[in-house]
Amino acid sequence: MKFSRNWLQDYVDLSGLSDEQISEAITFLGFEVEGIEHTGAPQLSDVVVGEVLTRDQHPNADRLSICSVSVGEANGGTKRIVCGAQNYKVGDRVPVALIGAVLPGNFKIKPSKIRGEASEGMMCSGKELQIGDDHSGLMILTNRPEVGTPINDALPEGDVVFDIEITPNRPDCLCHLGAARELAAWFRRDLVYPQAEMQKRGAARPDLLKTLRVDSSEDCPLCTATAISGVKVGPSPVWMQARLSALGIRPINNLVDIGNYVMLEYGQPMHMFDAKALAGASIVVRRAAEGKTLVTLDEKERQLTSDMLVIADAERSVVVAGVMGGEKSGVSEATTDLVLQVAAFRRQSVRATSRKLGLSSDSSYRFERGIDVHSLPEATHRAIALVLEVAGGQVCGETLRVGSDVPWERAVLVSPAWVRSRLGFEVSDDDQRGALEALDLLITREEEIDGGVQWTVRIPSWRSDLDRPIDLVEEILRVHGTAKIPAKTVTGPGLLVEDDPIAQYNRRTSTYLIGQNFNECVTYTLRSKLDTAAWADESAVDPLGLANPFVEDQSHLRPTLIGGLVDSLRLNQSRGNPVAGMFETGRVFISNTKGVQECAAVGFIIREGSDAAWTQREASDFYTAKRLIETIAAEAGIDLVRQPHLATDDGAEAGWQQGQHTLQGNMAYGWTARYGMLDLARLKGLGVTGKVLAGVFAILPERLVKAGKRSRFQPFSLQPAAWRDVALVVDESEAAGDMLKSLTKLARSAAKGFDLEAVGLFDVYRGKGLPDGKKSLAFSLKFRAADRTLTNDEVNKTFTTVLAQVAAKTPYQVRS
Amino acid sequence: MQDQLSALVTKAEAELPSLPTRPDVEAAKARYIGPKGELTGLMKQMGTVPKEERPAMGKLINQTQMALQALLDTALARIEANELAAQLGPAIDPTLPSPDPLPGTRHPLTLVREELNSILRKVGFTVVEGPEVETEYYCFDALNTPVDHPARDAQDTFYLPPEATFPNVAKKVPNEKYLLRTHTSSVQIRTMLKGEPPIRMVSPGRVYRRDTVDATHSANFHQMEGLYVDKNVTVSDLKALLDYVLKSLLGADTKVRFRPHYFGYTEPSFEVDLSAKHLPKVNKEWVEIMGCGMVDPAVFDDVGYDSSVWSGYAFGMGIERIAMMMYGIDDIRYFYQNDLRFLRQFS
């Protein structure tokens, strides 16, 4: 909200304080100063008030006139000035820049000839003087200041406008009185309330105002209405216009301006009706009839629903209560009798209506945050006084009033010693008392309790945010000054707690991948539906959708990290940055029949093959991804080598290249790993060049909790080992893992009295010498005894047994 | 015989240096000093040498044998040296760039988060994680957020549809909606409900706001929120902690100030400004960096802690914001584009 320094000055003496000091005070009181703006005319010399004496057509230009302008004896009497404006007439008073004046923008006024006619100065628009944007014509000084007066003396004084963010807990500061109260507390100066004379009231006028009724009292605890007759609508006084304009509010007429003025002064929105427009001379606060419409002041037709509160006359809704008035019922130039209606509306009600209509206003903003119902009568009184002062007229009868008027009473008990124990530093009893009293938080009672003092602090009605001792700690600290919190050394006894397993896991896996030359990425969690569908079954996509996405391409929770990484790859390729490997750690959301489960995940992509380099390196392939994902899974305590490979037809086929990727684990396991090549056609469609390998491992956070068992030392033999190699011919479809498993089993049982230490796979061969559809896998068996060097004979004997067993028990054919 | 011996050496001197392979040298060794070699043959003639000359002649034969052996050794050494040399590739050009990938990099958001974690760990704060899909209770209710607070608006917060099920995220209140957490304070509530004070935790993580993406706004961003619950925790403890954290992160010249503010779950509440003119692109005297405050007693009551016994503080900051300030980054979107020219700047 914007605040005028001149206006604040009405209630608190700000003399001797710089704008910076005021701004700092506001800041430390807990409100952010978002801007400071100076308004009013800049200091101008040689610009004076002039009166147009004559206006004649310029002989050589249709749009120009030649005027004689009186600028006062001291300034040389009468000047001849050529002028292009059209909006003035003889007798008007206007600002005149004399020869020698320098206008804003370093515009020097010199004697000149315009289309052949001499001109001795310039009559000015508001914009030329930098007091407003009006460039439509001369600035007509309607208040007719003395001719020859220096212009700065004739214009309203300049102002300083503070744009202040008022926190939601302080609706009392959404007005000048409230802000002045805070400044008065900070500078320990007095707060002066506006004076409103009690007015003599005339006889009641039932023809203007007969009934005030509130049907929804829960939404409108208090409502008043006052009829005023015989007002004269016109421009509001210059001082009022100046204040409103300074805050960016366009003056309309004296009545509308008064409504705005009192709202900005007291924080109480109000509404003025033209009494003639109120059917039945009644005001009814009620729920709207479902389906009715109302054209609001902004000339838009609003659809009303039965949960909206409206103000109606005897026939129809005329105001959306607390939000905006109707087009027809408000005061206008023709108004002579008015009804001033002031109410308190329930915050939630105004808020719901405002949201439903998509319509907010200065009024709804204040009602939503809460107004002080106890200062409503005072604000009403102030408004009435201003109407009579500015627009004349007479109050007709008593103010009608509907609603409870429960007197406000609240007190909070607090002890200064307890306040110190919350603050952790010394603030004396006197300083605390001073801070509270500066805020009108008066100590009404002081008693000794448990050897200490306890205060009863009275809370004023406008501070309904204060109701606990801790709230007073904040008030005391605010006014005492947070800058006075002393520095000290931080202390921190250990709590013997370890970082969360997810944090540790992410740290370990990202350290590993960075060691493998991957670049860590961070991508958005929200993805488009289209992208999500590439990584999950159709039935699994919808549960990932948000109820209220903001934009279409961020509508679904990501089921994998790969989509975002591919986007990053594409971006880099399009910008000419060669990518090797990228990864991300983060949450993914996997949906299955049970619902959606949030998993911790690690994902990576590798652009296969290196970009142009002076020498070729070995390219990555499926098995590169496999080693990476095995290591990542192992960090989570999952040994992928022991885990079966599952069918990959689970809906992610669009994303992954068929036959070139694998899946291990699913949400029934509590984790899942998928790795291999990404779908070439899809990548091409996305504009990604080259083959891309990827892997993603996701695990339920609760599965990460278990700490790994501590390793135990296993003794090993110091004797030499013996190797025997065997090549087995099998069908192309035979899985190497199965062969490895059965060969190991056979060899282990064949070795008697010593150990099969390892079985290694060292060659996979296809082609010449083998039938089509066959491949040969060569294994190396490594034997070792714990206690002796093995003899050739015993190893050969065992190896022969192995070969016989292979022939007897497996479909594998030993290749000679 | 003396002449024959020296002729043998001369012959070996001429032959051995040019033998190309180990077998050639082995063969030459047999020819010269093997049992059937020429030197052995000459030794057999010792019998014909007059007795008085034999000692001298014996000495001469020994010398010849040593000379031949030395020549053979030299030849082998030469061949070995050649063999090793053959294993080497072409000469290197030390100025040629390595064709291997550049080193991996940590994302700047990770760097900042981990640095903060480590600074806080020194004073006893450990990391706690929580779900990004939350319920209204943990994100709002338990944090003292009024039912009609604007933060709960579907305009500002992402919600999941009413039929969504997240079996791992239990609803605390029947029929409450699932949402994407708008801050990591929800983790603090979970931690308090699960454990007992004292608590000293920090919860870094991803949060979501329904914002238009621009230079300073992002649909998701990262926060780091801390919570300390113990007996007799005071405002000056909070100030001391944040002084320590921000000076550790941004340098000892950093000045920190508290401005009173309003948050629903702390009382009193503060916004924290810092003055660090040494940082890039900081041209204001005071820059807002984070929010903090003393945990509101209502929050303790809600999680079942006795607010007359326990007190505490909480603080929260945006990791992107800090990273932008530390590194002088002027657009938040850089963090999510992952342009390698960006990623490689931080380590």
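The values are calculated or read from the model by the stated rules, or taken from the named source; none is laboratory data. Keep in mind that what you see is a predicted model, and the values were worked out from it rather than measured. Methodologically, a virtual Cβ is constructed for each residue, glycine included, from the backbone with ideal geometry; neighbour enumeration extends over all protein chains shown. Remember, those area values only see protein heavy atoms, side chains included, never the ligands or the DNA or RNA. Shrake-Rupley method; radii C 1.70, N 1.55, O 1.52, S 1.80 Å.
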* To do: Would you mind stating whether A:G248 is in a loop (DSSP other than H, G, I, E, B), open to solvent by 20 Å² or more (accessible area, probe 1.4 Å), modelled with pLDDT under 90 and touching a Lys or Arg at 6+ places or on another chain (Cβ under 7 Å)?
  => yes
* Structure fact -> Scanning the stretch B:8-26 for residues that are open to solvent by 50 Å² or more (accessible area, probe 1.4 Å) and either touching a residue at least 24 places away in the same chain (Cβ under 8 Å) or more than 15 Å from B:A77 (Cα to Cα) (or both) gives B:T10, B:K11, B:E13, B:A14, B:P17, B:P20, B:T21, B:R22
* Asked: Could you count how many residues in the stretch A:583-598 are more than 7 Å from every other protein chain (Cβ to nearest Cβ), touching a Leu at 6+ places or on another chain (Cβ under 7 Å) and either more than 23 Å from B:F166 (Cα to Cα) or among the aliphatic types (A, V, I, L, M) (or both)?
  -> 3
* Unmet requirement for A:V473, which otherwise passes all of (1) within 8 Å of chain B (Cβ to nearest Cβ); (2) touching a Lys or Arg at 6+ places or on another chain (Cβ under 7 Å); (3) assigned to a loop (DSSP other than H, G, I, E, B); (4) aliphatic (A, V, I, L, M) -> (3)
* Asked: Does the stretch B:186-223 hold any residues that are open to solvent by 40 Å² or more (accessible area, probe 1.4 Å) and over 20 Å from B:G318 (Cα atoms), and which are they?
  -> B:R190, B:L193, B:K194, B:E196, B:P198
* Lone qualifier among A:R63, A:R80, A:R55 - being out of contact with any Pro (no Cβ under 7 Å at 6 or more places or on another chain), open to solvent by 80 Å² or more (accessible area, probe 1.4 Å) and assigned to a strand (DSSP E or B) -> A:R80
* To do: Those residues that are at the interface with chain B (Cβ under 7 Å from one of its Cβ atoms), open to solvent by 30 Å² or more (accessible area, probe 1.4 Å), in contact (Cβ under 8 Å) with a residue 24 or more places away in the chain and more than 28 Å from the chain's Cα centre (by Cα), I need them from the stretch A:489-533; list them, please.
  => A:Q516, A:N517
* Could you tell me which numbered condition B:G130 fails, if it satisfies all but one of (1) surrounded by fewer than 19 Cβ atoms within 10 Å (Cβ to Cβ); (2) small (G, A, S); (3) in a loop (DSSP other than H, G, I, E, B)? => (1)
* Asked: Got a sec? Which of B:P99, B:P94 is within 9 Å of another protein chain (Cβ to nearest Cβ), part of a loop (DSSP other than H, G, I, E, B) and surrounded by fewer than 18 Cβ atoms within 10 Å (Cβ to Cβ)?
  -> B:P99
* Structure fact -> Only one of B:V245, B:V229 is assigned by TED's automatic domain parsing to the domain that holds B:M325, more than 22 Å from A:R420 (Cα to Cα) and touching a helix residue (DSSP H, G or I) at 6+ places or on another chain (Cβ under 8 Å), namely B:V245
* Structure fact -> Exactly one of B:T74, B:T105, B:T145 is in contact (Cβ under 8 Å) with a residue 24 or more places away in the chain and facing chain A (nearest Cβ under 8 Å), and that residue is B:T105
* Condition test on B:Y327, is it hydroxyl-bearing (S, T, Y), in the same structural domain as B:N232 (by TED's automatic domain parsing) and touching a Leu at 6+ places or on another chain (Cβ under 7 Å)? -> no
* Residue, nearest to B:S203 (Cα to Cα), within the stretch A:477-488, restricted to residues that are within 9 Å of chain B (Cβ to nearest Cβ) and not in a loop (DSSP other than H, G, I, E, B) -> A:T482
* To do: Return yes or no: is A:P206 open to solvent by less than 50 Å² (accessible area, probe 1.4 Å), assigned to a loop (DSSP other than H, G, I, E, B) and of a type outside the set (G, A, S)?
  => no
* the stretch A:612-640 - residue that is modelled with pLDDT under 90 and of a type outside the set (F, W, Y) and, of those, nearest to A:G665 (Cα to Cα) -> A:S620
* Asked: If we only count helices (runs of 4 or more DSSP H) wholly inside the stretch B:224-338, which ones have 2 or more residues that are modelled with pLDDT of 95 or more, within 9 Å of chain A (Cβ to nearest Cβ) and open to solvent by less than 50 Å² (accessible area, probe 1.4 Å)?
  -> B:235-250, B:334-337
* Structure fact -> Residue pairs within 9 Å by beta carbon, gap of at least six or interchain, first lying in the stretch A:725-745 and surrounded by 11 or more Cβ atoms within 10 Å (Cβ to Cβ), second part of a loop (DSSP other than H, G, I, E, B) and of a type in the set (S, T, N, Q), listed first then second, are A:A727/A:S816; A:L728/A:T810; A:V730/A:T810; A:M739/A:T810; A:S742/A:T810; A:L743/A:T810
* Asked: Restricting attention to the stretch A:17-43, which residues are open to solvent by 20 Å² or more (accessible area, probe 1.4 Å), in contact with a strand residue (DSSP E or B) (Cβ under 7 Å, 6 or more places away or on another chain) and not in a helix (DSSP H, G or I)?
  -> A:E32, A:V33, A:E34, A:G35, A:I36, A:E37, A:H38, A:T39
* Total residues in the stretch A:94-116, condition open to solvent by 40 Å² or more (accessible area, probe 1.4 Å) and farther than 27 Å from A:G248 by Cβ -> 12
* To do: Could you check A:Q664 against (1) within 14 Å of chain B (Cβ to nearest Cβ); (2) in contact with a Pro (Cβ under 8 Å, 6 or more places away or on another chain); (3) among the polar types (S, T, N, Q) and say which number it fails?
  => (1)
* Just checking, which of B:A70, B:A154 is more than 20 Å from B:Y265 (Cα to Cα) and either among the hydroxyl-bearing types (S, T, Y) or not assigned by TED's automatic domain parsing to the domain that holds B:R206 (or both)? -> B:A70
* Structure fact -> Residue count, the stretch A:172-192, condition open to solvent by 80 Å² or more (accessible area, probe 1.4 Å) and within 37 Å of the chain's Cα centre (by Cα), comes to 1
* Please indicate, with yes or no, whether at least one residue in the stretch A:551-568 is at pLDDT below 95, within 21 Å of B:S218 (Cα to Cα) and within 7 Å of another protein chain (Cβ to nearest Cβ). => yes
* To do: Examine the stretch A:778-789 for a residue that is at pLDDT 95 or above and more than 27 Å from A:L718 (Cβ to Cβ), and state whether such a residue exists.
  => yes
* To do: Please go through the stretch A:571-582 and pick out each residue that is at the interface with another protein chain (Cβ under 8 Å from one of its Cβ atoms), among the polar types (S, T, N, Q) and outside any loop (DSSP other than H, G, I, E, B).
  => A:N572
* Structure fact -> Of the listed residues (A:I443, A:I459), the one being touching a Phe, Trp or Tyr at 6+ places or on another chain (Cβ under 8 Å), in contact (Cβ under 8 Å) with a residue 12 or more places away in the chain and more than 9 Å from chain B (Cβ to nearest Cβ) is A:I443
